[in-house]
Amino acid sequence: MIRDGRIALIDESYRRLTGRQLVQTQDDLALAFWNAPRAIVAHGTEADPIFFYGNALALELFEMSADVFTRLPSRLSAEAMQREERTRLLDCVTRNGFIDDYAGIRISATRQRFRIEQATVWNLIDAAGVVHGQAATFDRWTMLDRAR
């Protein structure tokens, strides 16, 4: 698990930018995120951003342990032919704060492809306006046939 401060940043940024709640409980936010019925992922601001968080559902879809996932450059979550589209998406999020209608193909550690739909992607911005990365959530996906 990551530090609670980063979980709070994911939650607060989402609420501030979208006006919606990401999870229903505030009692144990880290546990609520971990067990959420939606995938939640976040990456930092490195030159080649690295995931620093993936909840249980995200790790299941990407077929990775938390240790492996949190060393993964986020660009590698998409197939090579999808990376240019992903870069355009992240540039749009950087400019506008968030989008809530993203769809795209992602790939797991075993090369299983899945299409995410109606994903929300947002900037992780603290109360002082400092950008700490970007996050995404989705609760709709379709498993596709295995990549060749």
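Residues considered: 80, 30, 128. Largest GNM mean-square fluctuation over the chain, using C-alpha springs under 10 Å, is found at 128. Simple point charges give the picture: +1 on the Cβ of Lys and Arg, -1 on the Cβ of Asp and Glu, and for the chain a dipole about the Cα centre of about 400 debye.
Between the helical axis of 4-18 and the longest alpha-carbon principal axis of the chain there is an angle of about 90 degrees. The angle between the Cα long axis of helix 83-96 and the longest principal axis of the Cα atoms of the chain comes to about 20 degrees, rounded to the nearest 10.
What is region 89-143's relative contact order, in percent, from Cα pairs under 8 angstrom and six or more apart in sequence?
Details: 98 pairs, mean separation 17.0, N = 55.
Once normalised by length, the contact order is 31 percent.
Each of 42, 62, 14 was scored by the projection of its Cα onto the charge dipole of region 1-68, and the greatest displacement toward the positive side belongs to 14; charges sit on the C-beta of Lys, Arg, Asp and Glu. Taking all Cα pairs closer than 8 Å and separated by 6 or more residues, the relative contact order of the chain comes to 22 percent. Distance between the pseudo-spin-label points of residue 67 and residue 126 (7 Å out from Cα toward the beta carbon): 2.9 nm.
With a Förster radius of 30 Å applied to the beta-carbon distance between residue 47 and residue 144, the computed FRET efficiency rounds to 0.50. Couplings for region 33-43, taken from phi via the Karplus curve 6.51 cos²θ - 1.76 cosθ + 1.60 with θ = phi - 60°, read 4, 4, 9, 4, x, 9, 6, 9, 9, 8, 10 Hz in order; Gly and Pro are left as x.
Within the listed set 110, 70, 18, the residue fluctuating most in the Gaussian network model of the chain (springs between alpha-carbon atoms under 10 angstrom) is 110. By the beta-carbon count within 10 Å of each Cβ, the least crowded to most crowded order of 23, 131, 41, fewest first, is 131, 23, 41.
Bear in mind that the values in this text are calculations on the coordinates, not laboratory data. Just so it is clear, the model here is predicted, and its values are computed rather than measured. With ideal geometry, Cβ positions are generated from the backbone for all residues, glycine too; neighbour counts draw on all protein chains shown.
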